[in-house]
Every structure is written in C-alpha cells, then in structure tokens.
Amino acid sequence: MSEKNVTSINLYCANCGTKLGGAKDVCPSCGRVIGPEQYAAIPRTGAAGVGYSEITGHPTFDAYRKHTGKVQMILLPVIAVVVFVILLLIGAGAAVSLVSAALLLAIMFAIAAAKGRKKPDWQGTVEKKEFTRIKRQGADRYTYKVWFRGEDGKRRTHVWHQHSYVYDYLEEGDTVRFLGSLGTPNAFEKYDKSGDDVIPCVCCGNLADPRYTYCTACGAILLKGKTAQ
Ligand SMILES: [Zn+2]
Ligand SMILES: [Zn+2]
C-alpha cells in the first residue's frame, strides 16, 4: 500500500514549531533539516501511536481559538445593522422604532454570544461516510459528510465543504473524539493511530507526517498517542 501524501507546505518547523519565514534548508531555531529526511530512521506508519493526546490545552491552539471567536463577534452585529437599514428602506419606517431596533441588536448579540460559546467535546465511532457532488456555476462542488455514533448513543454528523483531508482520514469503525472546545471543524483525533501513515492537524486540517511534532502548514502541535518504544 502506498503512503498517503502529506502537506508539502513548510511554513513552520516540524520539530520545534518555529515560523520559518521563507524557504529554508534547516530550521534557524533548532537546526534540524526541513523535510521528512530528518526522521528517515523512524518508520512513518504508526509513529503517532495509540491513545488520546493529553496536550489539548497547548498554547499553539490559542491563536485559533481567539480568531474564530472574534470573527463571529464582529460579523453578527454588522448583519444586525444591515437588517435594520433594510427594514427602514422597505418602508417599515413607522414600525421600526428605536425600541425595536435595540431589541434586534440585543437578539443578534445573544446569538453571537451563543455561537462563540465552546462546543462540547465528545467521543464516538465512525458509522458512515458519503460525499456528494453538485454543479454550481459550471464548477463541481463537493460536500463530505460523516455520521458518528456517540458514546452517549446520540447520532452526530459532521460536514466539510472546503477540503476532504479529515474525511479521507476517518474510516468506518474508527473510534474518535471531537474536541469541540478547540473551535475548529477539523478537531478529530483517532484513538488508535498505530496504522496511520498520516494524521490531520486539528487546527488547519492538513495531513501531516506522523513523525512530526508540529504542523508545518500552521504551526499547531500535532495530537499523538503513545508509541511502543
Ligand atoms: Zn525547529
Ligand atoms: Zn495545521
């Protein structure tokens, strides 16, 4: 079986997570060679081990968390103002008093607060995968959907539109956890990574070489389990 492709983006050092700032042969911070050559002595498949990682509070996740929260807090009040202006323009002028405008803003802020709240973490099993293709504006658009059965018995679904990396990575029957508190759509971690030749970055979703410590595309630390040695 051929190995799956890992991301070829090298913006961050795989060994220490330092931002490289341009094409480099070696990391200016730790001195390690950039690229998989530095790990040539370690087998790639299984390098991410077994078991859930204990470093889910790692500081490299903070930038992602703050960023996603901020976007929603700015966007929703903007939508509220636009809706208010539209109501005025379509002649609802008399009905739209200051009080109703204030109410509208309050509702939008409440929605923003609810959306910004952390989603819960959960564990479960992959039950089914399916992708659909639709043609829109002459281009093919794909939707990648995965069904899970939670440990609590609840059925959950997850959909990706932008990329299929995490969708491709998950297989039916896999035991996984979803770290909703990270606030990214890619925060899936398999319990048993011993057969994997790639692991996804829980922040950006790019597939990484399981021998790496950090994601070379976004600098976030990779979630790995324990290995035999
Ligand atoms: Zn380094
Ligand atoms: Zn990443």
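The values are calculated or read from the model by the stated rules, or taken from the named source; none is laboratory data. Everything numeric here is computed off the predicted structure, so don't read it as measured data. Note that we place each Cβ from the backbone using ideal geometry, even for glycine, and neighbour counts take in every protein chain shown. Surface areas here come from the heavy atoms of the whole protein model, side chains and all, with no ligands, DNA or RNA. Shrake-Rupley method; radii C 1.70, N 1.55, O 1.52, S 1.80 Å.
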Top to bottom by accessible area (1.4 Å), largest first, where do Lys193, Lys24, Lys226 land?
Lys226, Lys24, Lys193
Accessible area (Å², 1.4 Å probe, nearest 10) - Phe131:
110
With 25 Å as the limit, write out which pairs from Lys4/Lys128; Lys19/Lys224; Lys19/Lys193; Lys119/Lys154; Lys119/Lys190 have Cα-Cα distances beyond it, or answer none.
Lys19/Lys193
Rough spin-label spacing in nm, given labels placed 7 Å along Cα→Cβ, for Phe131 and Ala23:
3.0
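How do Glu172, Glu127, Glu3, Glu151 rank by accessible surface area computed with a 1.4 Å probe, from largest to smallest?
Working: Glu172 115, Glu127 70, Glu3 95, Glu151 145 Å².
Ranked from most to least accessible, the order is Glu151, Glu172, Glu3, Glu127.
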The chain: angle of helix 62-89 to the longest principal axis, Cα-based, in degrees nearest 10
20
Out of Leu103, His163, Pro185 - ranked by how far each Cα lies towards the positive end of the dipole of the chain, with unit charges on the beta-carbon of charged residues - the top one is Leu103
Given +1 on the Cβ of Lys and Arg, -1 on the Cβ of Asp and Glu, and no further charges, what dipole in debye does the chain carry about its Cα centre, rounded to the nearest 20?
600
Given springs between every Cα pair under 10 Å in a Gaussian network model of the chain, which of Ala41, Ala14, Ala110 has the largest fluctuation?
Ala41
Most mobile of Cys13, Cys27, Cys218 in a GNM of the chain (Cα contacts under 10 Å)
Cys27
Computed FRET value (nearest 0.05) for Ser8 with Leu88, which takes r as the C-beta separation and R₀ as 41 Å
0.20
Counting only heavy atoms of protein chains, what accessible area per residue, in Å², does the chain have with a probe of 1.4 Å?
58
How far, in degrees from 0 to 90, does helix 98-116 lean away from the longest principal axis of the Cα atoms of the chain, to the nearest 10?
10
Which of Pro200, Thr216, Ile79 sits closest to the plus end of the dipole of the chain, meaning its Cα is farthest towards the positive end, when Lys and Arg get +1 and Asp and Glu get -1 on the C-beta?
Ile79
Nearest-0.05 FRET efficiency for Thr227 and Asp62 at R0 = 25 Å, using Cβ-Cβ distance, is 0.40
Quotient of C-alpha Rg and 2.2 N^0.38 Å, computed over the chain
1.25
